[in-house]
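Engineer: Here you go, one structure.
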Amino acid sequence: MFHKILIANRGEIALRIIRACKELGIKTVAVYSTADSEALHVKLADQSVCIGLPPSSASYLNIKAIISAAEVTDAEAIHPGYGFLAENAEFAEICQNCGITFIGPSPENIRLMGDKIQARQTVTEVGVPILPGTKSNVMTVDEAQKIAEDIGFPIIIKATAGGGGKGMKVVHSPASLPNLFATARAEAKAAFGNSDVYIEKFCERPRHVEIQILADQHGNVIHLGERDCSIQRRHQKLIEEAPCPVLSASLRKKMGTCAVEAAKKVGYTSVGTMEFLLDQDQNFYFMEMNTRVQVEHPVTEMVTGIDIIKEQIRSAAGLPLRITQKDVKISGHAIECRINAEDPAKFSPSPGKIEGYHTPGGLGVRVDSAVYDQYTVLPHYDSMIAKLIVHADTRAEAIRRMARALDEYIIEGIKTTISFHQKIMDNKDFMEGNVDTGFLERLKL
Ligand code: MV4
């Protein structure tokens with residue numbers, strides 16, 4: 001096992017990783033920007049190194065500074081968390097070349113899954129269902145028109161180097177295709193430095209259901225069931241839950257097996273997530289694989305009792321999984337609400353000083369957060385300031401527990417999305433599990 005790990009991240013995920021390290025008896029090194037000197041991850045780590053100026057590009061994305069910090073502190077491994085460098089194959093490769101273990105999958109796996117066409121191709125080879133679509137990039141409008149006629153409208157144009165919904169365009173008619181095709185390519189170029197796009201049949205009103213994968217370096221791959229992340233706004237997840245309220249045990253087994261087979265096919269060795277769309281008729285289709293730990297991993301931890309970060313670190317250290325598929329039991333129901341420092345009316349950032357703070361508690365309540373009373377939420381980084389997670393025997397009880405915990409949560413001085421979540425917990429369709437990825441867009445709160 002490692003003696004010391006550097007955490008190349010900030011906020012709640014840096015804390016989450018530090019906590020896992022402490023329980024594993026591993027020393028921790030925090031890195032921070034000059035704006036983050038008062039951040040909790042710096043206070044809780046055994047050591048800390050300043051790596052640059054406030055903009056992420058100068059600090060949390062500064063590969064040279066991070067590698068240097070690991071070298072001067074003798075850290076044997078780097079945990080990237082999520083975001084920042086977590087899915088940067090080049091960074092994983094540089095770590096490798098410097099003799100530092102990157103706590104995540106191989107650079108090859110990151111690269112493969114980062115190319116959405118290759119990812120689609122790879123999973124189909126083990127029988128994972130995908131939506132009808134192109135096997136290669138679509139270069140011209142004429143080509144796109146032909147493919148769209150073949151597949152049938154509506155279609156969706158996606159960035160090959162993309163993911164997470166950025167630069168996607170839904171096209172309902174041939175007339176609107178030329179403009180949307182050009183826009184999709186331009187947005188892909190701007191966001192990912194690569195204008196390549198591909199086309200898929202557009203699935204109407206799907207649920208977003210993803211399978212958590214756990215793999216080691218000895219060929220063992222298991223899944224920890226699914227999360228339903230259908231409550232999103234502009235491709236930002238806001239509420240996630242486990243299990244999915246409409247998934248049967250047999251469908252869970254089928255999707256889980258697909259995810260495991262796909263991970264085995266590529267020789268996957270870390271934690272990861274296979275994202276699927278689940279349509280109104282219970283058909284599922286592979287979307288993409290996230291080769292990192294995700295924001296919403298706690299709901300899976302709550303229903304399985306498995307510490308995903310600890311397992312990820314153990315796996316990176318070369319230890320075999322301690323659990324087999326049949327040891328995985330899904331018990332009860334968990335819900336996570338992302339609390340953002342945002343004006344809930346517009347979802348626009350609301351950074352500033354917290355002038356009063358009280359966190360909820362009690363049975364089945366978990367708060368993953370790195371903020372505290374009198375802490376100043378910075379404008380430089382993501383606006384998520386806390387994840388409120390509840391666990392209960394049933395979904396109905398979990399919703400009531402979440403509503404209760406949200407009522408207890410006091411954050412003064414800045415605007416937050418707490419009131420938004422209170423409205424959702426009180427929404428009839430949400431209570432009935434009757435949601436899809438278009439739920440929030442249709443809802444007028
Ligand atoms: C789709 C889709 C419908 N049909 N692909 C959005 C995020 C990215 N991972 C894939 N996304 C979608 N891909 C086809 N062929 C609808 C979405 C989508 C979506 C998916 C999950 C959660 C929220 C969403 C919101 C809008 C669109």
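Engineer: Quick check: net charge around Gly362, other residues with Cβ under 9 Å of its Cβ, Lys/Arg +1 and Asp/Glu -1?
Structural biologist: Values: positive: Arg401, Arg404; negative: Glu408.
Summing Lys/Arg as +1 and Asp/Glu as -1 gives +1.
Engineer: Where the accessible area of the chain is counted over protein heavy atoms with a 1.4 Å probe, how much of it, in %, is carbon and sulfur?
Structural biologist: About 50 percent, which is the carbon plus sulfur part of the accessible surface.
Engineer: Something else now. Toward the positive end of the charge dipole of the chain, about the Cα centre and with charges on Cβ (Lys, Arg +1; Asp, Glu -1), which of Ala386, Ile94, Ser173 goes farthest?
Structural biologist: Ser173
Engineer: Sort Lys64, Lys22 by accessible area with a 1.4 Å probe, largest first. Numbers along the way, then the final one.
Structural biologist: On the way: Lys64 170, Lys22 115 Å².
Most to least solvent-accessible, the answer reads Lys64, Lys22.
Engineer: Once you have the Cα-Cα distance between Asp373 and Gln118, take 0.36 nm times their residue separation minus that, and quote the gain in nm to one decimal.
Structural biologist: Roughly 87.1 nm would be gained on extension.
Engineer: Quick one: order Ser270, Ser195, Ser48 from most to least accessible surface, probe 1.4 Å.
Structural biologist: The most accessible residue leads, giving Ser48, Ser195, Ser270.
Engineer: Continuing with the same structure: Rounded, prolate or oblate: pick one for the range 4-60, where a ≥ b ≥ c are the square roots of the eigenvalues of its C-alpha gyration tensor, a/c under 1.5 means rounded, and failing that, prolate if a/b is larger than b/c, else oblate.
Structural biologist: On the way: a/c = 2.18, a/b = 2.06, b/c = 1.06.
Here the range 4-60 falls in the prolate category.
Engineer: Just add up the charged neighbours of Tyr381: K/R +1, D/E -1, any other residue whose Cβ is under 14 Å from the Cβ of Tyr381. Write down the numbers at each step before the final one.
Structural biologist: Values: positive: Arg10; negative: Glu12, Asp36, Glu38, Glu342, Asp382.
Charge balance in the 14 Å sphere: -4.
Engineer: Moving to a separate point now. For the residue pair Lys22 and Asp429, what label-to-label distance in nm results when each label sits 7 Å from Cα along the Cα-to-beta-carbon direction?
Structural biologist: 4.2 nm
Engineer: For every helix of n ≥ 4 consecutive DSSP H residues, a contribution of -39,500 (n - 2.57) applies; sum these over the chain, divide by its total residues, and give [θ] at 222 nm rounded to the nearest 500 deg cm²/dmol. Show your work: numbers first, answer last.
Structural biologist: Numbers: 15 runs with 147 residues, N = 445.
It comes out at -9500 deg cm²/dmol, rounded to the nearest 500.
Engineer: From the gyration tensor of the Cα coordinates in the range 151-305, what semi-axes in whole Å does the equivalent ellipsoid have, largest first, with each one equal to sqrt(5λ)?
Structural biologist: Taking √(5λ) for each Cα gyration eigenvalue gives 29, 18, 14 Å.
Engineer: For the chain, which longest stretch is free of loop sites, where a loop site is one of the GluC sites (Glu not before Pro) that DSSP puts outside H, G, I, E and B and that has at most 14 other Cβ atoms within 10 Å?
Structural biologist: 205-354
Engineer: OK, next. Using θ = phi - 60° and the Karplus relation 6.51 cos²θ - 1.76 cosθ + 1.60, list the HN-Hα couplings for the range 245-256 in order, rounded to whole Hz, with x at every Gly or Pro.
Structural biologist: x, 10, 8, 6, 4, 6, 5, 4, 5, 5, 5, x
Engineer: Which FRET efficiency value, to the nearest 0.05, is calculated for Ala175 and Ser57 with the Förster distance at 51 angstrom and r the Cβ-Cβ distance?
Structural biologist: 0.80
Engineer: Can you bin the range 154-193 into rounded, prolate or oblate? Criterion: square roots of the alpha carbon gyration tensor eigenvalues sorted a ≥ b ≥ c, rounded for a/c under 1.5, prolate for a/b above b/c, oblate for the rest. Walk me through the numbers before you get to the answer.
Structural biologist: Working: a/c = 3.31, a/b = 1.71, b/c = 1.94.
Note, shape of the range 154-193 comes out oblate.
Engineer: Lys and Arg at +1, Asp and Glu at -1: add these up for the other residues within a Cβ distance under 9 Å of Val271 and post the number.
Structural biologist: Summing Lys and Arg as +1 and Asp and Glu as -1 gives 0.
Engineer: Indicate the gyration tensor shape class of the chain (rounded, prolate or oblate), computed on the Cα atoms with a ≥ b ≥ c the square roots of the eigenvalues: a/c under 1.5 is rounded; otherwise a/b larger than b/c is prolate and the rest oblate.
Structural biologist: Rounded, since a/c falls under 1.5.
Engineer: Ordering Val299, Val367 by how much accessible area each has at a 1.4 Å probe, largest first, what is the list?
Structural biologist: Numbers: Val299 0, Val367 40 Å².
Greatest to least solvent exposure: Val367, Val299.
Engineer: Mind checking the full-extension length gain between Ser136 and Val72? Use 0.36 nm per residue of separation minus the Cα-Cα distance, one decimal, nm.
Structural biologist: 18.6 nm
Engineer: Starting from the alpha-carbon convex hull of the range 59-133, give the projected area averaged over all orientations, in nm².
Structural biologist: Computing the convex hull of the Cα atoms and averaging its projections yields 5.9 nm².
Engineer: Can you give me the convex hull volume of the Cα atoms of the range 175-256, divided per residue and expressed in Å³?
Structural biologist: It is 171 Å³ per residue.
Engineer: May I ask which of Lys43/Lys387; Lys135/Lys201; Lys43/Lys310 have a Cα-Cα span longer than 18 Å here?
Structural biologist: Lys43/Lys387; Lys43/Lys310
The values are calculated or read from the model by the stated rules, or taken from the named source; none is laboratory data. These numbers were taken from a predicted model, which means no experiment stands behind them. Cβ: placed from backbone, ideal geometry, glycine included. Neighbour counts: every protein chain shown. Side chains included, ligands, DNA and RNA excluded: accessible areas come from the protein's heavy atoms. Shrake-Rupley method; radii C 1.70, N 1.55, O 1.52, S 1.80 Å.
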